[in-house]
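Data first, discussion second: the structure below is written as structure tokens.
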There are 2 protein chains.
Amino acid sequence: MRTAFYISDGTAITSEVFGHALLSLFPVEFNHDTISFVETLDKAYETRDKINRAAKRAGEPPLVFHTFVNPEIREIIDSSDAIIYNFLEHFVSPLEQQLGVSAKPKAHRTHSIHENSYDYRIDAVNYSLANDDGSNISNYEHADVILVGVSRSGKTPTSLYLALQYGIKAANYPFTDDDMDDLTLPDFLIPHKKKIFGLTIDAPRLMDIREGRMANSKYSSARQCRMEVREVEKLYKKEKIPYLNTTKFSVEEITAKILNETGLQRYKY
Amino acid sequence: MRTAFYISDGTAITSEVFGHALLSLFPVEFNHDTISFVETLDKAYETRDKINRAAKRAGEPPLVFHTFVNPEIREIIDSSDAIIYNFLEHFVSPLEQQLGVSAKPKAHRTHSIHENSYDYRIDAVNYSLANDDGSNISNYEHADVILVGVSRSGKTPTSLYLALQYGIKAANYPFTDDDMDDLTLPDFLIPHKKKIFGLTIDAPRLMDIREGRMANSKYSSARQCRMEVREVEKLYKKEKIPYLNTTKFSVEEITAKILNETGLQRYKY
């Protein structure tokens, strides 16, 4: 099988996103290989050898997605037996012309600790963990957003993604079985109502997820799942809480939709 | 100030990474605005109006980074008073030629729930949370990696990043003050030694972080921080545990270095 390489002198996250976005348009299978921190000439030669071995093995040239700005390292990689896709080269000079400034490749590296947003993000992760799953209901004045919903509707992964990627302090609070009779907003949430965002999920999907956790329980029964979903959606409507059905969406999509809807500021750019 | 827009019919994560990687090469400030889920002609016209208003306000054309494949929506965005950077268009036809296949833009969308890796990632997040901070020492046989280190050396954010981004089940175990006299590997870790990866951190940086959490405590004292760091590093060397000093690295960089060193398989591509 042909190999797609994602290579960079840093984390190679940009190369991965770049290559992945392109290859996902094609119904073709690849081996994938990420090579990060190619920061020295030695490492560059070693990487070229690896690419050339993959070329020989497959009998066709690998695809290489890279973002090198250092010209010496770039030339070594570009000289391998591969098809090179260099995402930066097409855009840097048009941008230089447009901005009237030269690119300063060493100025700062994306995905490094030197990004302004870095401390925000770590603080937000700590906040979101400490305020996960209703574990700390006295701390909501510091939240940027409070996700609510029934157990297993997607609150925790979404809170963590908001925090890790965007530096947003996302608490989350689960409505439990005990809350479910004639559901109302708990007292401690009322002062923070403007920060609340609701998640819901189709009952059959909720059942599936809960079965994986606790098979043949009341918690995972069709009846219980249907009742909980019905109750929370009624609550969202009654209280005019914005909400989203997560059934068909990934964490990335849920997060993007919450950011859209709430206009929350992202600390990462 | 000039605005940079990141626009897409999905999450716009690819557009953000694309624009961010380029703009970080320039010492120029921008307003940043992400517009996701531009899926209809109406939304496209609305987006164009927003771009045009920003152009008027700033007196210069905004920069627009987009990844549209739908030609109707793309044309509307391309007709706004902006400089358009379309990351896909430069690469799709060379790739089509190389692969001998036409791109199928609707085949599957990146960052969606339809990616093969999606369930792995959610399972990994649940695993990493349940096995954070030594909370579940009986469950390490299911771990892909076990991060160890002193309190506040970066274990938790790194575990979560490994899980969320790459679907890797990362447990973490903190060495505490009680472990610190003549530190040895706890019994329950010994059978899983091959999965252990150590983190360390410079004592002054550790002190800073701990001061923010618990000022003027033994926990945050210079002496304690120095002693703990010295002890764990001694342990890593004695036990031949691979380790990394996290002081100067972001979560993304720490993660990439761990993947490099361990050769762990990523479930996301």
Over chain A: helical MRE at 222 nm, DSSP H runs n ≥ 4 each giving -39500 (n - 2.57), nearest 500: -13500 deg cm²/dmol
Surface share of carbon and sulfur [accessible, 1.4 angstrom probe, percent] for region A:118-262: 48
Aspartates and glutamates whose Cα lies under 12 Å from that of B:K237, excluding same-chain neighbours fewer than 8 positions away: none
Tilt relative to chain A, helix A:155-166 - C-alpha long axis, 0 to 90 degrees, to 10: 40
Partners for B:K240 among aspartates and glutamates (Cα-Cα distance below 15 Å; same-chain residues under 8 apart left out): B:E231, B:E261
Accessible area that becomes buried as A packs against B, both chains, 1.4 Å probe, Å², nearest 100: 7200
Relative contact order for chain A, counting Cα pairs under 8 Å that sit 6 or more residues apart, in percent: 15
B:D133-B:K104 pseudo-label distance in nm [points 7 Å out on the Cα-to-Cβ vector]: 4.7
Nearest-0.05 FRET efficiency for B:S112 and A:R53, computed from C-beta distance (R0 30 Å): 0.35
GNM flexibility winner over chain A from A:Y127, A:Y219, A:Y166 (Cα, springs under 10 Å): A:Y219
Region A:212-255: C-alpha pair distances exceeding 16 Å, %: 56
Residue-by-residue Karplus 3J(HN,Hα) for region A:121-130, coefficients 6.51, -1.76, 1.60, Hz, glycine and proline x: 5, 5, 4, 5, 4, 4, 4, 5, 5, 5
Per-residue ³J(HN,Hα) for region A:205-211, Karplus 6.51 cos²θ - 1.76 cosθ + 1.60, θ = phi - 60°, Hz, x for Gly and Pro: 5, 4, 4, 3, 5, 5, 4
Filter on A:K155/A:K238; B:K169/B:K218; B:K194/B:K257; A:K218/B:K155; A:K193/B:K155 - keep pairs with C-alpha separation over 27 Å: B:K169/B:K218; A:K218/B:K155; A:K193/B:K155
GNM flexibility winner over chain B from B:F26, B:F18, B:F175 (Cα, springs under 10 Å): B:F26
Residues with amide H under 5 Å from that of A:N245, placed H, sequence gap 5 or more: A:T200
Computed over the protein assembly as shown, Kirkwood Rh from alpha-carbon pairs, angstrom: 24.9
Between helix B:222-239 and chain B: long-axis angle, C-alpha atoms, 0 to 90°, nearest 10: 90
0 to 90° range, to nearest 10: angle between helix B:251-262 axis and chain B longest Cα axis: 70
Ascending list, in nanometres, of distances separating the A:S93 label from those of the other copies (7 Å, Cα toward Cβ): 1.9
5 Å-binned pair-distance histogram of region B:3-99 (Cα, whole percent): 3, 14, 25, 25, 18, 10, 4, 2, 0
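The values are calculated or read from the model by the stated rules, or taken from the named source; none is laboratory data. Just so it is clear, the model here is predicted, and its values are computed rather than measured. Positions of Cβ are generated from backbone atoms using ideal geometry, with glycine treated the same way; all protein chains shown enter the neighbour counts. Surface areas here come from the heavy atoms of the whole protein model, side chains and all, with no ligands, DNA or RNA. Shrake-Rupley method; radii C 1.70, N 1.55, O 1.52, S 1.80 Å.
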